[in-house]
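Novice: There's a structure below that I have some questions on.
The values are calculated or read from the model by the stated rules, or taken from the named source; none is laboratory data. This one's a predicted model, so the numbers in the text were calculated from it and none came from an experiment. Positions of Cβ are backbone-derived with ideal geometry, glycine not excepted, and every protein chain shown enters the neighbour counts. These accessible areas exclude ligands, DNA and RNA; they are computed on the full protein's heavy atoms, side chains included. Shrake-Rupley method; radii C 1.70, N 1.55, O 1.52, S 1.80 Å.
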Amino acid sequence: MQENTVKAAVCREFGSTLSIEWVELASPGPGEVRVRLSACAICHSDITYMSGAWGGDLPAVYGHEAVGVVESLGAGVFKVREGESVLVTLLRACGECLFCRSGDEPLCEGEVPLDTHSPLTDAQGSPIVQGLRTAGFAEAVVVSESQIASIPADIPAPSAALLACGVITGYGAVARVAGVPPGSRVVPLGAGGVGLNCIQAAAIMGALTNIAIDLSPNKLEAAMTFGATHALHATRPDVVDEIKTLTAGRGADYVFVATGSGAAMAVAPLLVRRGGTVVLVGMAPSGLKVEYEPLD
Ligand SMILES: [Zn+2]
Ligand SMILES: [Zn+2]
């Protein structure tokens, strides 16, 4: 018999310290998998939720960039076996809707039982929200089988966990959403976890010019090791002109906004060439408004 009581970091009040508690984790239902976690990264989205900036119900357990070992399977799950190393991600797909059938699972508009029924309850039997569809700040999770992917067991868990969100968000924006062709001129705005993976993906796709922009000298330094061809501090007064100069005077073919900053979202259209593409990747806080002049 597996133990259904697990330790979790519960958010009971926005902006307060998480409460470490014993909680009940339901057994996996049909199409669900229980994973014993070995690592869970802390994403900026977790921090934003914990601060209350995106609202939502409490108590909740956040955490959605996890890695671990399959502990048990619900009925009808054949994708993985017990004991297999897996990533756990917040991307949940019904497998039936228009988007799932056309290979765009991250846009899924369907519903699975976990969307309406959290597997977590506290010691008093009250429900706890499965934050970001995962509740990875815990010893184990129960998620839809669509949320897991097998990985080699020898990738160190803290590194593998990053594949569950930051890496695929940055890589996916560049390689899948934009489909950046070789020889492109690319400007990723923001060189955090997602931005570095935009930079890395653009380098893999064969970008000719790959200009990292950030406020942090450390992040700009990291950007150069991830494949950026140039790194510019965001506050340089002539940064827009510098980017124009580095992109044959036209502006970038693609601008990726890998930050939730309104200033970055506002400046992006000024950096892209005529007919170019701006991809908004970063998650903005609720209520953020961005102004821009269409004639620019
Ligand atoms: Zn994340
Ligand atoms: Zn779907």
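Novice: Starting at the first residue of the range 109-117, write each ³J(HN,Hα) from the Karplus equation 6.51 cos²θ - 1.76 cosθ + 1.60 with θ = phi - 60°, in whole Hz, x for Gly and Pro.
Specialist: 10, x, 9, 10, x, 5, 5, 10, 9
Novice: Over the alpha-carbon set of the range 1-59, divide Rg by the Kirkwood Rh and report the Rg/Rh ratio to two decimals.
Specialist: Details: Rg = 13.6 Å, Rh = 13.4 Å.
Result: Rg/Rh = 1.01.
Novice: Right, something else. For the chain, what is the mean residue ellipticity at 222 nm derived from helices alone (per DSSP H run of n ≥ 4: -39500 (n - 2.57); sum divided by total residues; nearest 500 deg cm²/dmol)? Before the final figure, lay out each step's value.
Specialist: Working: 8 runs with 63 residues, N = 296.
Theoretical 222 nm ellipticity from helices: -5500 deg cm²/dmol.
Novice: Right, something else. What accessible area per residue comes out for the chain, rounded to a whole number of Å², with a 1.4 Å probe? Could the numbers behind the result be given before it?
Specialist: On the way: 14570 Å² over 296 residues.
Counting only protein heavy atoms, the per-residue value for the chain is 49 Å².
Novice: A follow-up question, please. Would you mind computing, in nm to one decimal, how far apart the modelled labels at Ile47 and Leu208 are, each placed 7 Å from Cα along Cα→Cβ?
Specialist: Taking the two extended label points, one gets 3.7 nm.
Novice: Oh, and also: So if R0 is 41 Å, what FRET efficiency would Phe78 and His230 give, r being the distance between their Cβ atoms, rounded to the nearest 0.05? Could the numbers behind the result be given before it?
Specialist: Details: r = 48 Å, r/R0 = 1.17.
Step by step, r from the Cβ atoms, then E = 0.30.
Novice: Which far-off residues, 5 or more places away or on another chain, put their amide H under 5 Å from the one on Ser72, with H placed in the peptide plane?
Specialist: Arg34
Novice: Evaluate the Kirkwood expression for the hydrodynamic radius of the chain, namely the inverse of the mean inverse distance over all pairs of different C-alpha atoms, and round to one decimal in Å.
Specialist: Details: mean 1/r = 0.0490 Å⁻¹.
20.4 Å is the Kirkwood radius here.
Novice: Determine the order of Ile243, Ile168 by accessible area, beginning with the largest, at a probe radius of 1.4 Å.
Specialist: Details: Ile243 5, Ile168 75 Å².
Reading off the accessible areas and sorting them downward yields Ile168, Ile243.
Novice: For a quick check of your reading of the filter: which chymotrypsin sites (Phe, Trp or Tyr not before Pro) in the range 8-82 sit in a DSSP loop and have no more than 11 other Cβ atoms within 10 Å?
Specialist: Loop-located and lightly packed - Phe78.
Novice: Starting at the first residue of the range 140-148, write each ³J(HN,Hα) from the Karplus equation 6.51 cos²θ - 1.76 cosθ + 1.60 with θ = phi - 60°, in whole Hz, x for Gly and Pro.
Specialist: Once θ is set to phi - 60°, the couplings for the range 140-148 become 8, 9, 10, 9, 5, 4, 5, 8, 10 Hz.
Novice: Follow-up. Output the direction-averaged projected area (hull surface divided by four) of the convex hull of the alpha-carbon atoms of the range 79-213, in nm².
Specialist: On the way: hull surface 41.3 nm².
Projected area, direction-averaged: 10.3 nm².
Novice: Taking 8 Å as the Cα distance limit and 6 or more residues as the minimum spacing, I'd like the relative contact order of the range 60-135 as a percentage.
Specialist: On the way: 114 pairs, mean separation 27.5, N = 76.
Reported as a whole number, the value is 36 percent.
Novice: Checking the a/c ratio against 1.5 first, then a/b against b/c, what shape does the Cα gyration tensor give for the range 167-280? The partial results should precede the final answer.
Specialist: Numbers: a/c = 1.29, a/b = 1.06, b/c = 1.22.
Since a/c stays below 1.5, the shape of the range 167-280 is classed as rounded.
Novice: Same structure again: Find which of Val257, Cys43, Ala207 sits farthest along the positive direction of the dipole of the chain, computed with +1 on the beta-carbon of Lys and Arg, -1 on that of Asp and Glu, about the Cα centre.
Specialist: Ala207
Novice: By how many nm would the segment from Ala153 to Ser216 grow when fully extended, if each residue of separation counts as 0.36 nm and the alpha-carbon distance is taken off?
Specialist: Numbers: separation 63, 0.36 × 63 = 22.68 nm, distance 3.42 nm.
Here the answer is 19.3 nm.
Novice: Summarise the accessible area of the chain (1.4 Å probe, protein heavy atoms) by the percent that is carbon and sulfur. Don't skip to the answer; put the middle values down first.
Specialist: Working: 8150 of 14570 Å².
Result for the chain: 56 percent of the exposed heavy-atom area is carbon or sulfur.
Novice: Here is a further query. Any chance you could look up the accessible area of Val69 with a 1.4 Å probe, heavy atoms only, rounded to 10 Å²?
Specialist: Val69 exposes around 60 Å² with every protein chain in place.
Novice: Ordering Ser118, Ser51 from largest to smallest accessible area (1.4 angstrom probe), what's the sequence?
Specialist: Ser51, Ser118
Novice: What residues have an amide H closer than 5 Å to that of Ala252, excluding those fewer than 5 places away on the same chain, when H is modeled at 1.01 Å from N in the peptide plane?
Specialist: For Ala252, whose amide H was placed from the backbone, the distant partners under 5 Å are Val272, Arg273.
Novice: Specify the longest stretch of the chain that does not include any exposed loop site, a site being one of the GluC sites (Glu not before Pro) with a non-H, G, I, E, B DSSP assignment and at most 13 other Cβ atoms within 10 Å.
Specialist: Details: sites that count: Glu3, Glu13, Glu82, Glu96, Glu109, Glu111, Glu291.
Free of exposed loop sites, the longest segment is 112-290.
Novice: Another question, if that's okay. Please label the shape of the range 149-231 as rounded, prolate or oblate, based on the square roots a ≥ b ≥ c of the eigenvalues of the alpha-carbon gyration tensor (a/c under 1.5 means rounded; beyond that, a/b larger than b/c means prolate, else oblate).
Specialist: Note, shape of the range 149-231 comes out oblate.
Novice: Over 10 Å intervals from 0, what percent of Cα-Cα pairs in the range 113-160 sits in each interval?
Specialist: Answer for the range 113-160: a P(r) of 22, 47, 23, 9 percent.
Novice: Let me ask something additional. Okay, which of the range 238-263 sit inside 11 Å, backbone N to the point 7 Å along the Cα-Cβ direction of Val177?
Specialist: Output list for this probe position: 255-259.
Novice: Okay, moving on. Taking a ≥ b ≥ c as the square roots of the eigenvalues of the Cα gyration tensor of the range 1-160, is the shape rounded (a/c under 1.5), prolate (a/b larger than b/c) or oblate? Walk me through the intermediate numbers first.
Specialist: Numbers: a/c = 1.41, a/b = 1.24, b/c = 1.14.
Here the range 1-160 falls in the rounded category.
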